[in-house]
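Got a structure for you, questions after.
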Amino acid sequence: MIYGLGMLESGITFDFGQLVLDAEFARMIKHVVKGIPVDDETLAVNVIKETGPFGDFLCHKHTLQRMRSQSQPEFIDRTMREAWEKKGSKSAHQKAVEKVKHILKTHKPEPLPRDVLDKIHAIVIETEKEMGI
């Protein structure tokens, strides 16, 4: 179980940018925990036979397809420093905060169904009665 996403300072502070980063880290962890299938396809047995010793595996279609499915971070930038600087030198946290601002500005949540709202309301009313409010 992963908990504490977005929390800083032992939970005293909450940071939306950190929440988005932590969610990305959790996705990466879940991907690794799923395990790596090991079979002729994932080991590229046919590609190894086809390419031969000293062949170019990195540019092979099989490698490119599998590589893209392994890691798709949205906020972690693995480019060389010069390229990163040309793109604006934004930290992962800065990019995450931009994502949060976009979400808060554009997200339109689906309204809760009437029966769910009624149930929540009933719980509040019952609790208020129990507490004498």
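Could you list all residues from the range 55-96 that are in a helix (DSSP H, G or I), under 14 Å from the mean Cα position of the chain (by Cα) and surrounded by 13 or more Cβ atoms within 10 Å (Cβ to Cβ)?
92, 93, 95, 96, listed by residue number.
Take residue 57 and decide whether it is closer than 21 Å to residue 18 by Cβ and at pLDDT below 95.
No: the conditions fail for residue 57.
Identify all residues within the range 97-133 that are acidic (Asp, Glu) and outside any loop (DSSP other than H, G, I, E, B); write none if there are none.
If the condition is that a residue be acidic (Asp, Glu) and outside any loop (DSSP other than H, G, I, E, B), then 98, 115, 118, 126, 128, 130 are the ones that fit.
On the given criteria, is residue 71 of a type in the set (Ser, Thr, Tyr) and either in contact (Cβ under 8 Å) with a residue 24 or more places away in the chain or more than 29 Å from residue 31 (Cβ to Cβ) (or both)?
Yes, satisfied.
Hey, does the range 98-114 have a residue that's surrounded by 11 or more Cβ atoms within 10 Å (Cβ to Cβ) and more than 30 Å from residue 22 (Cα to Cα)?
No, that holds for no residue.
With the requirement that a residue be closer than 30 Å to residue 98 by Cα and surrounded by 10 or more Cβ atoms within 10 Å (Cβ to Cβ), what does the range 30-54 give you?
Those that are closer than 30 Å to residue 98 by Cα and surrounded by 10 or more Cβ atoms within 10 Å (Cβ to Cβ): 30, 31, 32.
Taking the stated definitions as given, is residue 41 outside any helix (DSSP H, G or I), of a type in the set (Asp, Glu) and in contact (Cβ under 8 Å) with a residue 24 or more places away in the chain?
The answer is no for residue 41.
The values are calculated or read from the model by the stated rules, or taken from the named source; none is laboratory data. Keep in mind that this is a model prediction, so the values were computed, not measured. Please note: Cβ atoms are built from the backbone with ideal geometry, for glycine as well, and neighbour counts cover all protein chains shown.
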